[in-house]
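Some notes on the structure that comes next.
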C-alpha cells in the first residue's frame, strides 16, 4: 500500500455536491492499493500515518506527529496512485489491486485507523470525488508500507 500524504490546515471530500468527509488541521492521505498488499501492510502504513513527524514543534522543526498535534486524518482511496507510468504517455492500471481487494483493504485501513485515532474521515470508495484542501507548507510525502 502507498499513501500520498499532505499536511493540511483543512480538507474535505465531496460526492455529488455533498460533503462526505472533512477535517481541519491534519493529514490528507490519498491511498493506493496494489495486488500484493495485505492487512499487515495496511497496519504498517497506518503506523506511519499516525506517527510520521511532519508537524512543526515550537522550534519550527518537523518533530510532531498527527497524534501529537491532535489533528484529523482524511483517508481517500485513489487507485490511480498505483498506476504504472514508466512507459508511454498513458497510465496503465494493471499494477492496481482489483476493486474488491482494494475496497476490502481500504475498509480495513479505515477500521483500524478509527480504532487508534479519534479524528478519522473518509471519502467514498470508487466514487467520483472532489477533494478540496489547503496544503500547509506545502508539505507532501509518499509513504509506502
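For residue 6, the requirement of being in contact (Cβ under 8 Å) with a residue 60 or more places away in the chain and within 12 Å of residue 74 (Cβ to Cβ) is met. Candidates in the range 80-104 are the residues that are touching a strand residue (DSSP E or B) at 6+ places or on another chain (Cβ under 9 Å) and under 21 Å from residue 47 (Cα atoms); of these, the one that is surrounded by the most Cβ atoms within 10 Å (Cβ to Cβ) is 102. On the stretch given as the range 1-34, residues that are in contact with a helix residue (DSSP H, G or I) (Cβ under 7 Å, 6 or more places away or on another chain) and surrounded by fewer than 17 Cβ atoms within 10 Å (Cβ to Cβ) total 1. Checking the stated criteria, residue 54 turns out to be crowded, with 20+ Cβ neighbours inside 10 Å, over 11 Å from the mean Cα position of the chain (by Cα) and within 22 Å of residue 131 (Cα to Cα). Once the range 57-68 is narrowed to residues that are touching a helix residue (DSSP H, G or I) at 6+ places or on another chain (Cβ under 9 Å) and not in a helix (DSSP H, G or I), the residue that is nearest to residue 6 (Cα to Cα) is 65. Taking the conditions (1) more than 13 Å from residue 29 (Cα to Cα); (2) out of contact with any helix residue (DSSP H, G or I) (no Cβ under 7 Å at 6 or more places or on another chain); (3) modelled with pLDDT under 95 in turn, residue 81 satisfies each one other than (1).
Go through (1) without any contact (Cβ under 8 Å) to a residue 24 or more places away in the chain; (2) under 19 Å from residue 135 (Cβ atoms); (3) outside any loop (DSSP other than H, G, I, E, B) for residue 27 and report which single condition fails. Result: residue 27 passes all but (1).
The values are calculated or read from the model by the stated rules, or taken from the named source; none is laboratory data. The model shown is predicted, which means the values in this text are computed figures rather than measured ones. Because the Cβ atoms are built from the backbone with ideal geometry, glycine has one as well, and the counts that use them run over all protein chains shown.
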